[in-house]
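Working notes for the structure below.
The values are calculated or read from the model by the stated rules, or taken from the named source; none is laboratory data. Here the structure is a predicted model, which means the values were calculated and not measured. Reconstructed Cβ throughout: ideal geometry from the backbone, glycine too, with neighbour counts over all protein chains shown. For the accessible areas, the whole protein counts, side chains as well, though only heavy atoms, and no ligand, DNA or RNA atoms are used. Shrake-Rupley method; radii C 1.70, N 1.55, O 1.52, S 1.80 Å.
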Amino acid sequence: MGRLSDILKDQMGIDTKKSQKSLTSKENDHWRQVNQPIETAPEHYSQKEVIRRFQIICKKINPDFKIDNNNKSLIEFLCLYFSKDVLIEERFPKYSIHKGLLIVGNCGTGKTQMLKIFKEVVKYLPTQAFFMTSTNQVVRDFDSNGSGSLTPYIDRKYCFDDFGSENQAKHYGKSEEVFKTILEDRYNKFIDTGLKTYITSNLNLLQIKQRYGDRVNSRLFEMFNIIVLEGNDRRI
């Protein structure tokens with residue numbers, strides 16, 4: 001292999017020793033392409049683009065996915081929410097694009113499916129992409145590795161699926177309600193940096209309060225848009 005300058009000259013007709021003023025037309029075209037700024041991902045998609053991606057991903061993930069009276073309002077909200085559309089505060093005045101999402105409802109109403117779809121919709125957007133895991137997986141990690149395993153679940157944008165169904169965590173015989181720790185730490189990050197959290201749960205708000213206590217319950221209203229997804233089990 002020869003030097004890079006020789007290869008460019010022999011194969012592309014580009015002489016890297018020439019000054020910029022004396023470059024040929026072909027060489028100028030090459031350097032214009034090289035010096036073009038790299039296109040970066042947008043901060044968010046338009047509402048129209050979110051809807052388009054939602055429709056495509058629905059067909060891939062679940063071709064039988066149905067929009068009905070129980071979920072159409074939530075879908076409309078999430079399309080506005082993930083496009084960061086300011087119209088959200090006109091259409092849904094009690095909600096905010098600055099809060100996270102807590103979607104509660106009966107088992108099988110489509111809460112998890114909905115967030116899996118939107119996870120794919122925004123996965124290429126650095127400021128909106130998020131991880132997703134079950135709450136029981138978090139508990140298993142804690143059981144195996146202790147409190148150090150909770151760091152990514154506190155520091156990163158996450159969706160925690162099936163909140164309230166997780167077992168009590170145990171590490172070296174010590175029991176801990178790990179999601180009290182996670183939510184309290186994430187609350188501080190939400191206040192300091194705006195870090196959002198997404199959660200699905202089969203529990204209602206009273207059941208969440210009974211399990212996690214008043215301290216966690218009071219912070220839910222600051223951290224989350226709390227949405228109740230009505231309907232019966234779609235899997236039956």
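Can you find a residue in the stretch 184-197 that is at positive phi, within 19 Å of the chain's Cα centre (by Cα) and not β-branched (Val, Ile, Thr)?
Kept after step one, since they are at positive phi, are these residues of the stretch 184-197: 194.
From the residues that got through so far, the ones that are within 19 Å of the chain's Cα centre (by Cα) too are 194.
Keeping just the survivors that are not β-branched (Val, Ile, Thr) gives 194.
Yes, the stretch 184-197 contains at least one residue that is at positive phi, within 19 Å of the chain's Cα centre (by Cα) and not β-branched (Val, Ile, Thr).
Could you go through the stretch 168-179 and let me know if any residue there is at pLDDT below 95 and β-branched (Val, Ile, Thr). Yes: the stretch 168-179 contains one or more residues that are at pLDDT below 95 and β-branched (Val, Ile, Thr). Of all the listed residues (123, 170), the sole one being outside any loop (DSSP other than H, G, I, E, B), on the phi < 0 side of the Ramachandran plot and open to solvent by 40 Å² or more (accessible area, probe 1.4 Å) is 170. Within the stretch 150-167, the set of residues being open to solvent by less than 70 Å² (accessible area, probe 1.4 Å) and in contact with a helix residue (DSSP H, G or I) (Cβ under 7 Å, 6 or more places away or on another chain) comprises 150, 153, 154, 159, 160, 161, 162, 163, 164, 165, 166.
Close contacts from the stretch 132-158, counting a first residue that is outside any helix (DSSP H, G or I) and a second that is at pLDDT 95 or above and not basic (Lys, Arg), with Cβ to Cβ under 6 Å and a gap of 6+ residues or different chains, come to 132/159; 134/161; 134/162; 156/131; 157/130; 158/131.
Determine whether the stretch 75-83 contains at least one residue that is out of contact with any helix residue (DSSP H, G or I) (no Cβ under 9 Å at 6 or more places or on another chain) and not aliphatic (A, V, I, L, M). Scanning the stretch 75-83, I find no residue that is out of contact with any helix residue (DSSP H, G or I) (no Cβ under 9 Å at 6 or more places or on another chain) and not aliphatic (A, V, I, L, M), so the answer is no.
Out of the stretch 174-188, which residues are open to solvent by 10 Å² or more (accessible area, probe 1.4 Å) and farther than 13 Å from residue 220 by Cα? Let's see the steps before the verdict.
At the first step, the residues of the stretch 174-188 found to be open to solvent by 10 Å² or more (accessible area, probe 1.4 Å) are 174-177, 180-181, 184-185, 187-188.
Once the filter is applied, which keeps residues that are open to solvent by 10 Å² or more (accessible area, probe 1.4 Å) and farther than 13 Å from residue 220 by Cα, the stretch 174-188 yields 174, 175, 176, 177, 181.
Looking for something closer than 30 Å to residue 69 by Cα and without any contact (Cβ under 8 Å) to a residue 40 or more places away in the chain - is there at least one such residue anywhere in the stretch 179-190? No.
Would it be correct to say that residue 117 is among the β-branched types (Val, Ile, Thr), surrounded by 15 or more Cβ atoms within 10 Å (Cβ to Cβ) and over 28 Å from residue 233 (Cα atoms)? No; evaluated as a whole, the condition is false for this residue. Residue check: is residue 195 in contact (Cβ under 8 Å) with a residue 24 or more places away in the chain, among the hydrophobic types (A, V, I, L, M, F, W, C), assigned to a loop (DSSP other than H, G, I, E, B) and closer than 26 Å to residue 66 by Cβ? No, not satisfied.
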